[in-house]
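One structure is given below, encoded as structure tokens.
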Amino acid sequence: MNFKNIILCFLISVFLFSCSGKKNSHAGKTVFRYNEPKGITSLDPAFSRTMANIWAVNQLFNGLVQMNDETLIQPCIAKAWDISDDGLTYTFHLRSDVYFHDSKVFPTGKGREISAQDFVYSFNRIVDEKVLSPGRWIFNNVDFKEGKGFYASDDSTFVIRLKTPFPPFIGMLTMQYCSVVPKEAVDFYGKDFGRNPVGTGPFKIKWWYEGVKLVLHKNENYFETDNGNKLPYLDAVSITFINDPQSSFLEFVKGNTDMLSGLDDGSYKDAIITPSGELKAEFKDNVNLISQPFLNTEYLGFVVNDSLEIVRNSPLRKKEIRQAINYGIDRVKMMRYIRNNIGAPAENGFVPEGLPSFSKDLKGYDYNPAKARDLLAQAGYPNGKGLPEITLHTTSQYLDLCEYIQHQLSEIGIKIKMEVNPPGTHGEMVANAQSLFWRKSWIADYADAENYLALFYSKNFTPKGPNYTLFKNDKYDQLYDAALKEVNDTVRYELYREMDKIIIDSAPIVPLYYDRVLRFVSKDVEGLGSNSMNLLTLKRVKKLIAK
């Protein structure tokens, strides 16, 4: 046993001893504490692009609608809404008891009641070119002709008009970009609004020492209730910013944080999870493991548009080579040894588990090295003879996964060279088609398969859209266009499955695995739910106080 593991075992024993009695949070106050290793760049909903920002913004702001743990759309500031028969007009009827946080930006220092005009302002701000919000694309389908894109027919009625029907649109409005903000605060703070947020949410900012800690306090005037009880239950939320995964894990082990989320780094994976993906026995008395499908597909992608010279000169232009790579990877073994079975092998298409259109009947690629060799021979490279070395671009976080793939493919005659770049460089290379073969994740922006299938729509070519593979298929585009107009969910889901089948057959990607939400939570904490979007919602959380 090396020194690091000895220290780790000692700290785990300290954790188990210290958790034998319930601890006070802060002199009778209940404080939920978690660590955000990637840091928070802004608390402005207009810039809620990363999961770290989204989690914090979700505590401070509200939108028209919200998503529950079953990813169903629920009322929020809008108590009800109507959608016109043609699917173009969305009319939202607002509550009359929602107020912005108390703030010096208001004349009396007291938060004022929100109105429909606040949503007109907030949504127009998202599409304002001067703001440069990464969420502008949400409203690409809004019809701004005659000033009727967003408008208030009265103080409690907000209306959105679309150019074409788009059934997933109501789900897109649950995104944190669509939160309501007060014009007074944005005008007062200007570019510093992201550090001085004023919202309507269950918590309000107390102080933020960048890189060290962010503290949120209960909003005593919050409008939502839980079975007649005022929300939120917690007195405060404390967020630290320890970026070293091992140190973050040890803080949880010592009881200094209440939740540990995910195993992205994997450095402490074997310390807390068994090889079969279960919580280790020594933690079970003090920790709950919350796990469910996460709308995240991990995959490898190819640039497949042979109008590019680099594609025409690459063996990856051949579908048989791409299919051989798909058949040459044992995803079941990969999940067991690389991921401790956290997640599921992606053997059913690109759309992940957790969405209603997902189907086990859609057969993707399983491990079949004999089939892979046959495909190599069909492509003119029997047993890989004459096949040039193929470069796979990745980041250090996924190096172990890609090394596993490299080894697997070498067994069928495909030589893979690894090129590791920083995340920013890697993202730029993928977005600008500077890499022909790369690893990527796709985490759903909203809970509808269209968000995944848009990656292969020809009108979404980079840099304007997410079609990083530059895939183009006329039949696929026709199905995609039909799905956007289809209001019957059952019919739309069948169109989604047909599109997924085309992707599997054409092989512009190698689906690797469908991820899972994984949360390790202290048993002092009650009411912390989870959903397939991995959204953190703390307004219904309770924390025990020692007597």
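Only one of these is in a loop (DSSP other than H, G, I, E, B) and either without any contact (Cβ under 8 Å) to a residue 24 or more places away in the chain or out of contact with any Gly (no Cβ under 7 Å at 6 or more places or on another chain) (or both): ALA370, ALA433, ALA377. Name it. Working first, answer last.
Values: ALA370 fails: in a loop (DSSP other than H, G, I, E, B); ALA377 fails: in a loop (DSSP other than H, G, I, E, B).
Result of the check over ALA370, ALA433, ALA377: ALA433.
Tell me yes or no: at least one residue of the range 13-33 is closer than 17 Å to VAL253 by Cβ, modelled with pLDDT of 95 or more, touching a strand residue (DSSP E or B) at 6+ places or on another chain (Cβ under 8 Å) and in the same structural domain as VAL212 (by TED's automatic domain parsing).
yes
Is there a residue being of a type outside the set (S, T, N, Q), assigned to a strand (DSSP E or B), farther than 20 Å from GLY194 by Cβ and touching a residue at least 12 places away in the same chain (Cβ under 8 Å) anywhere in the range 50-64? Can you show your working first?
Going through the range 50-64, the residues of a type outside the set (S, T, N, Q) turn out to be 51-52, 54-57, 60-61, 63-64.
Remaining after also requiring assigned to a strand (DSSP E or B): none.
No; the residues of the range 50-64 include none that is of a type outside the set (S, T, N, Q), assigned to a strand (DSSP E or B), farther than 20 Å from GLY194 by Cβ and touching a residue at least 12 places away in the same chain (Cβ under 8 Å).
Being at positive phi and touching a strand residue (DSSP E or B) at 6+ places or on another chain (Cβ under 9 Å), is that true of even one residue in the range 294-301?
Within the range 294-301, not a single residue is at positive phi and touching a strand residue (DSSP E or B) at 6+ places or on another chain (Cβ under 9 Å).
GLU70 versus (1) of a type in the set (D, E, K, R); (2) assigned to a loop (DSSP other than H, G, I, E, B); (3) closer than 20 Å to VAL186 by Cα: which is the lone unmet condition?
Against the list (1) of a type in the set (D, E, K, R); (2) assigned to a loop (DSSP other than H, G, I, E, B); (3) closer than 20 Å to VAL186 by Cα, GLU70 comes up short only on (3).
In the range 446-464, what residues are surrounded by fewer than 22 Cβ atoms within 10 Å (Cβ to Cβ), touching a residue at least 12 places away in the same chain (Cβ under 8 Å) and part of a loop (DSSP other than H, G, I, E, B)?
Selection gives TYR446, THR462, PRO463.
Using the structure shown, decide if ILE126 is closer than 18 Å to PRO197 by Cα and outside any loop (DSSP other than H, G, I, E, B).
Details: closer than 18 Å to PRO197 by Cα: yes; outside any loop (DSSP other than H, G, I, E, B): yes.
Yes; evaluated as a whole, the condition is true for this residue.
Can you name the residue in the range 334-358 that is outside any loop (DSSP other than H, G, I, E, B) and within 20 Å of the chain's Cα centre (by Cα) and, of all such residues, is nearest to SER276 (Cα to Cα)? Walk me through how you get there before you give the answer.
At the first step, the residues of the range 334-358 found to be outside any loop (DSSP other than H, G, I, E, B) are 334-338, 344-345.
From what is left, the residues that are within 20 Å of the chain's Cα centre (by Cα) are 344-345.
Values: ALA344: 12, PRO345: 14 Å.
Looking at residues that are outside any loop (DSSP other than H, G, I, E, B) and within 20 Å of the chain's Cα centre (by Cα), I get ALA344.
For the range 73-102, which residues satisfy the criterion of being assigned to a loop (DSSP other than H, G, I, E, B), polar (S, T, N, Q) and free of Cβ contacts under 8 Å to residues at least 60 places away in the same chain?
Filtering the range 73-102 for residues assigned to a loop (DSSP other than H, G, I, E, B) gives 76-77, 84-88, 95-98, 100-102.
Those still in the list that are polar (S, T, N, Q) too: 84, 96.
Once the filter is applied, which keeps residues that are assigned to a loop (DSSP other than H, G, I, E, B), polar (S, T, N, Q) and free of Cβ contacts under 8 Å to residues at least 60 places away in the same chain, the range 73-102 yields only SER84.
Among the residues of the range 130-141, is there at least one that is outside any loop (DSSP other than H, G, I, E, B), not aromatic (Phe, Trp, Tyr) and not assigned by TED's automatic domain parsing to the domain that holds PHE223?
Looking only at the range 130-141, we keep the residues that are outside any loop (DSSP other than H, G, I, E, B), and these are 136-139.
Subset that is not aromatic (Phe, Trp, Tyr): 136, 138.
Then drop every residue that is not not assigned by TED's automatic domain parsing to the domain that holds PHE223, which leaves 136, 138.
Yes, because at least one residue in the range 130-141 is outside any loop (DSSP other than H, G, I, E, B), not aromatic (Phe, Trp, Tyr) and not assigned by TED's automatic domain parsing to the domain that holds PHE223.
I want to confirm something. Restricting to the range 367-401 and keeping residues that are farther than 20 Å from SER314 by Cα and either surrounded by 19 or more Cβ atoms within 10 Å (Cβ to Cβ) or among the hydrophobic types (A, V, I, L, M, F, W, C) (or both), which single residue is nearest to the chain's Cα centre (by Cα)? Walk me through how you get there before you give the answer.
The initial filter retains those residues of the range 367-401 that are farther than 20 Å from SER314 by Cα, namely 367-371, 395-401.
Retained after the next criterion (residues that are either surrounded by 19 or more Cβ atoms within 10 Å (Cβ to Cβ) or among the hydrophobic types (A, V, I, L, M, F, W, C) (or both)): 370, 398-399, 401.
Working: ALA370: 36, TYR398: 17, LEU399: 21, LEU401: 20 Å.
Step by step, filter the range 367-401, then rank; the result is TYR398.
Please state which one of ASP285, ASP306 is part of a loop (DSSP other than H, G, I, E, B) and assigned by TED's automatic domain parsing to the domain that holds HIS393. Can you show your working first?
Working: ASP285 fails: assigned by TED's automatic domain parsing to the domain that holds HIS393.
Every option except ASP306 fails the conditions.
Does any residue of the range 406-422 turn out to be touching a residue at least 40 places away in the same chain (Cβ under 8 Å) and assigned to a strand (DSSP E or B)?
Going residue by residue through the range 406-422, those that are touching a residue at least 40 places away in the same chain (Cβ under 8 Å) are 408-409, 411-414.
The next check asks that each one be assigned to a strand (DSSP E or B); those that pass are none.
No, because not a single residue in the range 406-422 is touching a residue at least 40 places away in the same chain (Cβ under 8 Å) and assigned to a strand (DSSP E or B).
Quick one: in the range 536-547, of everything that is at pLDDT 95 or above and not basic (Lys, Arg), which residue is surrounded by the fewest Cβ atoms within 10 Å (Cβ to Cβ)?
Among those that are at pLDDT 95 or above and not basic (Lys, Arg), it is THR537.
Going by the structure shown, is GLU526 over 15 Å from the mean Cα position of the chain (by Cα), at pLDDT 95 or above, among the acidic types (Asp, Glu) and closer than 22 Å to THR297 by Cβ?
Numbers: over 15 Å from the mean Cα position of the chain (by Cα): yes; at pLDDT 95 or above: yes; among the acidic types (Asp, Glu): yes; closer than 22 Å to THR297 by Cβ: no.
No: the conditions fail for GLU526.
Among residues belonging to the range 34-49 that are in contact with a strand residue (DSSP E or B) (Cβ under 8 Å, 6 or more places away or on another chain) and either part of a loop (DSSP other than H, G, I, E, B) or at pLDDT below 90 (or both), point out the one that is nearest to MET172 (Cα to Cα).
The initial filter retains those residues of the range 34-49 that are in contact with a strand residue (DSSP E or B) (Cβ under 8 Å, 6 or more places away or on another chain), namely 34-36, 40, 43.
With either part of a loop (DSSP other than H, G, I, E, B) or at pLDDT below 90 (or both) added as a condition, the list becomes 36, 40, 43.
Values: GLU36: 25, ILE40: 22, LEU43: 19 Å.
For the range 34-49, the residue satisfying everything is LEU43.
Take the residues of the range 447-475 that are of a type in the set (Phe, Trp, Tyr) and either in contact with a Leu (Cβ under 9 Å, 6 or more places away or on another chain) or modelled with pLDDT under 95 (or both): which is nearest to PRO167 (Cα to Cα)?
Going residue by residue through the range 447-475, those that are of a type in the set (Phe, Trp, Tyr) are 452, 456-457, 461, 468, 471.
In the following step, the residues that additionally are either in contact with a Leu (Cβ under 9 Å, 6 or more places away or on another chain) or modelled with pLDDT under 95 (or both) were identified as 452, 461, 468, 471.
Working: TYR452: 15, PHE461: 22, TYR468: 24, PHE471: 24 Å.
This residue is TYR452.
Restricting to the range 480-491, name every residue that is of a type outside the set (Val, Ile, Thr) and either closer than 13 Å to ALA433 by Cα or surrounded by fewer than 21 Cβ atoms within 10 Å (Cβ to Cβ) (or both). Step through it out loud before you land on a result.
Taking the range 480-491 and keeping what is of a type outside the set (Val, Ile, Thr), we get 480-486, 488-489.
Correct list: ASP481, ALA482, LEU484, LYS485, GLU486, ASN488, ASP489.
Residues of the range 153-192 being under 27 Å from the mean Cα position of the chain (by Cα), buried (at least 16 other Cβ atoms within 10 Å of the Cβ) and either assigned to a loop (DSSP other than H, G, I, E, B) or not assigned by TED's automatic domain parsing to the domain that holds ASP128 (or both), which ones?
Those that are under 27 Å from the mean Cα position of the chain (by Cα), buried (at least 16 other Cβ atoms within 10 Å of the Cβ) and either assigned to a loop (DSSP other than H, G, I, E, B) or not assigned by TED's automatic domain parsing to the domain that holds ASP128 (or both): PRO165, PHE166, PRO167, PRO168, LEU173, THR174, MET175, SER179, VAL180, VAL181, PRO182.
How about the range 510-547: which of its residues are outside any loop (DSSP other than H, G, I, E, B), among the hydrophobic types (A, V, I, L, M, F, W, C) and farther than 30 Å from TYR365 by Cβ? Show your work before the answer.
Quick first cut of the range 510-547, residues outside any loop (DSSP other than H, G, I, E, B) only: 510-522, 525-526, 542-543.
Restricting the remaining residues to those that are among the hydrophobic types (A, V, I, L, M, F, W, C) gives 510, 512, 517-518, 520-521, 525.
The answer is PHE520, VAL521, VAL525.
The values are calculated or read from the model by the stated rules, or taken from the named source; none is laboratory data. All of these numbers come straight from a predicted model, not from anything done at the bench. Glycine gets a Cβ as well: all are built from the backbone with ideal geometry, and neighbour counts include every protein chain shown.
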